[in-house]
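In what follows, a single structure is set out as structure tokens and then discussed.
The values are calculated or read from the model by the stated rules, or taken from the named source; none is laboratory data. The structure displayed is predicted, hence computed values, not measured ones. All Cβ positions, glycine included, derive from the backbone under ideal geometry; neighbour counts span all protein chains shown.
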Amino acid sequence: MNHTNGNCLYAHSGGVSAALNATAAGAIKAAQRSESIHDMLVPEYGLHGILNGEFYSTKDLDQAALDQMYCTPSSIFGTSRFKLPDPRVDQEPYIQILEVFKTYNIRSLLYHGGGDSQDTTNKFSQFFKMVDYPIQCIGLPKTIDNDLMVTDHCPGYGSTAKYIATSTLEAALDTKAMSRSSTKVFILEVMGRNAGWIAAASALARCDATSAPHLILVPERKKSADNILAGISLQLDKEGYCVIVVSEGFQLTDTISSDDSDTCSFGHKRLGGIGLELANLIQSSLKVKTRSANADYLQRAVGHCASAIDLDIAYHIGQRAVQCINDGLYDKMLIVKHLGYLPLKWKIETCPIDWVANHEKHLPDFFISDNGHDITPAFCEYALSLVQGEVKPMRKNSIPAYFSKHHLQKVQIEEHQL
């Protein structure tokens, strides 16, 4: 099949980040210049939009709109969590998608997401081969959890790392100031189901003003309640206050696991609450006032605290993805390779999608301290390179003025039946 003048579909999948739209801006700009892509179509709300044939056209977006898109966090087009079945078992949704692709003359797919999403990219590729309908399927890395295999880091992580470090620093200063007469222990719970990359980033908060965080608890290392309480007691004796950052997936060795009945569409147990559990344990055992907070969604769409290097790499990934289409590549995912730190030196390469789909990258041992509740200098060098630079979005009344959907036009089918 000749790909010239076909349409390229670019879709967001899974959770958002500060860098998603920067990648979109890069991909759209490159598609507008491409002789092999008629229009880059973006579905409204990810797979739901694909199934329903609800697309935005991007070919007429001007540079001012793309510049505003670049600085806008979250997903301006919408995303979704939707698990497709194995195409060897159930082809019903794929047949529906194939008809949509034919209707809109879609010849290539850029699918932007994490490990579960790259499983979806892989399934798309398998199905299109089964029905002999050649579609170029390219995966783009995305997850603030930073747990994708092969790539040295994931766009979006740097901005989240910067936010968590900043929030930890500011909360630590608050706790330290009030510790003589009020809260002595503060706990910040952050995302990270099976990997502690986000919690580890809190170590960047340490500076002349505070030694916090004092304990960093990650899923890669279980700890007993007694061990944690002993560490807190030592810190309270030393400085009079203690700040803890904990991954949502961290487990105490002496906690009975609950059932997995509350799960998402991909079968993952819904997490959250370890911060409050630890706060109750500390307050009842040590008899000191303890507060906990959950960063929750605040750590994802952190446009006001975005890392400039993070968005720059994200933008270039979008551009390189379109180059992969122009070059006729199939079944690849883009990855970032680090060539040096402080300042970060990097390049973009590709790997087979199935190297990434349904796999997780954990914190390596050399990034975790021997005591299991701290981070090594090697990690700090790695993470510090990813948080560099400031991003200054347009503002209105001193509040960020982010991209609005009024810039976008819905696709009319007859315009794309080429």
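Just to check your reading of the model, which residue among A18, A31 is out of contact with any Phe, Trp or Tyr (no Cβ under 6 Å at 6 or more places or on another chain), at pLDDT 95 or above and more than 19 Å from I325 (Cβ to Cβ)? I'd like the intermediate steps shown before the answer.
Working: A31 fails: more than 19 Å from I325 (Cβ to Cβ).
Matching residue, one of A18, A31: A18.
The residues of the stretch 15-36 that are of a type outside the set (G, A, S) and part of a loop (DSSP other than H, G, I, E, B), listed by number, are V16, E35. Determine whether S17 is surrounded by 19 or more Cβ atoms within 10 Å (Cβ to Cβ), among the hydroxyl-bearing types (S, T, Y), within 18 Å of the chain's Cα centre (by Cα) and under 30 Å from M149 (Cα atoms). When the stated conditions are applied, S17 passes them. The lone criterion from (1) aliphatic (A, V, I, L, M); (2) surrounded by 22 or more Cβ atoms within 10 Å (Cβ to Cβ); (3) modelled with pLDDT of 95 or more left unmet by A301 is number (3). Residue selection: I274 satisfies the criterion of being modelled with pLDDT of 95 or more, in contact with a strand residue (DSSP E or B) (Cβ under 7 Å, 6 or more places away or on another chain), β-branched (V, I, T) and in the same structural domain as V245 (by TED's automatic domain parsing).
Scanning the stretch 195-216 for residues that are more than 20 Å from L173 (Cα to Cα) and in contact with a His (Cβ under 7 Å, 6 or more places away or on another chain) returns a single hit, A195. Can you tell me which residue within the stretch 119-140, out of those that are touching a Phe, Trp or Tyr at 6+ places or on another chain (Cβ under 8 Å) and aromatic (F, W, Y), is nearest to D354 (Cα to Cα)? Among those that are touching a Phe, Trp or Tyr at 6+ places or on another chain (Cβ under 8 Å) and aromatic (F, W, Y), it is F124.
I'm checking my understanding of the structure. Among residues of the stretch 325-343 that are under 25 Å from P73 (Cα atoms) and in contact with a strand residue (DSSP E or B) (Cβ under 9 Å, 6 or more places away or on another chain), which one is surrounded by the most Cβ atoms within 10 Å (Cβ to Cβ)? Applying the filter and picking the extreme gives M333. Among the residues of the stretch 211-221, those identified as of a type outside the set (G, A, S), out of contact with any helix residue (DSSP H, G or I) (no Cβ under 6 Å at 6 or more places or on another chain) and either assigned to a loop (DSSP other than H, G, I, E, B) or surrounded by fewer than 21 Cβ atoms within 10 Å (Cβ to Cβ) (or both) are P219, E220, R221. Total residues in the stretch 345-369 satisfying the condition of being closer than 21 Å to E220 by Cβ, surrounded by fewer than 19 Cβ atoms within 10 Å (Cβ to Cβ) and at pLDDT 95 or above: the figure is 5. Residue pairs whose Cβ atoms lie under 7 Å apart, sitting 6 or more positions apart in sequence or on different chains, and linking a residue in the stretch 373-399 that is without any contact (Cβ under 8 Å) to a residue 12 or more places away in the chain to a partner that is surrounded by 10 or more Cβ atoms within 10 Å (Cβ to Cβ) and assigned to a strand (DSSP E or B), are T376/I368. Applying the set (1) within 17 Å of D174 (Cβ to Cβ); (2) surrounded by 15 or more Cβ atoms within 10 Å (Cβ to Cβ); (3) over 31 Å from the mean Cα position of the chain (by Cα) to C242 leaves exactly one unmet item: (3). Considering every residue within the stretch 80-96, establish whether at least one is surrounded by 22 or more Cβ atoms within 10 Å (Cβ to Cβ) and either modelled with pLDDT under 95 or farther than 16 Å from Q409 by Cα (or both). Within the stretch 80-96, not a single residue is surrounded by 22 or more Cβ atoms within 10 Å (Cβ to Cβ) and either modelled with pLDDT under 95 or farther than 16 Å from Q409 by Cα (or both).
Do we have any residue at all in the stretch 185-193 that's out of contact with any helix residue (DSSP H, G or I) (no Cβ under 9 Å at 6 or more places or on another chain), over 13 Å from T290 (Cα atoms) and without any contact (Cβ under 8 Å) to a residue 12 or more places away in the chain? Within the stretch 185-193, none of the residues are out of contact with any helix residue (DSSP H, G or I) (no Cβ under 9 Å at 6 or more places or on another chain), over 13 Å from T290 (Cα atoms) and without any contact (Cβ under 8 Å) to a residue 12 or more places away in the chain. For the stretch 1-14, filtering for residues that are assigned to a loop (DSSP other than H, G, I, E, B) and in contact (Cβ under 8 Å) with a residue 24 or more places away in the chain leaves 6.
Exactly one residue out of S167, S182, S159, S202 is assigned to a loop (DSSP other than H, G, I, E, B) and modelled with pLDDT of 95 or more, and it is S182.
Scanning the stretch 187-210 for residues that are over 21 Å from L281 (Cβ atoms), touching a Lys or Arg at 6+ places or on another chain (Cβ under 9 Å) and of a type in the set (G, A, S), we see that the one that is surrounded by the fewest Cβ atoms within 10 Å (Cβ to Cβ) is A209.
Just one residue in the set D67, D86, D90, D116 is of a type outside the set (K, R) and free of Cβ contacts under 8 Å to residues at least 12 places away in the same chain; that residue is D90. Scanning the stretch 48-57 for residues that are crowded, with 24+ Cβ neighbours inside 10 Å and either touching a residue at least 60 places away in the same chain (Cβ under 8 Å) or hydroxyl-bearing (S, T, Y) (or both) gives a single hit, F55.
The set of residues from the stretch 82-97 being touching a helix residue (DSSP H, G or I) at 6+ places or on another chain (Cβ under 8 Å) and under 19 Å from A11 (Cα atoms) comprises F82, K83, L84, P85, P93, Y94, Q96, I97.
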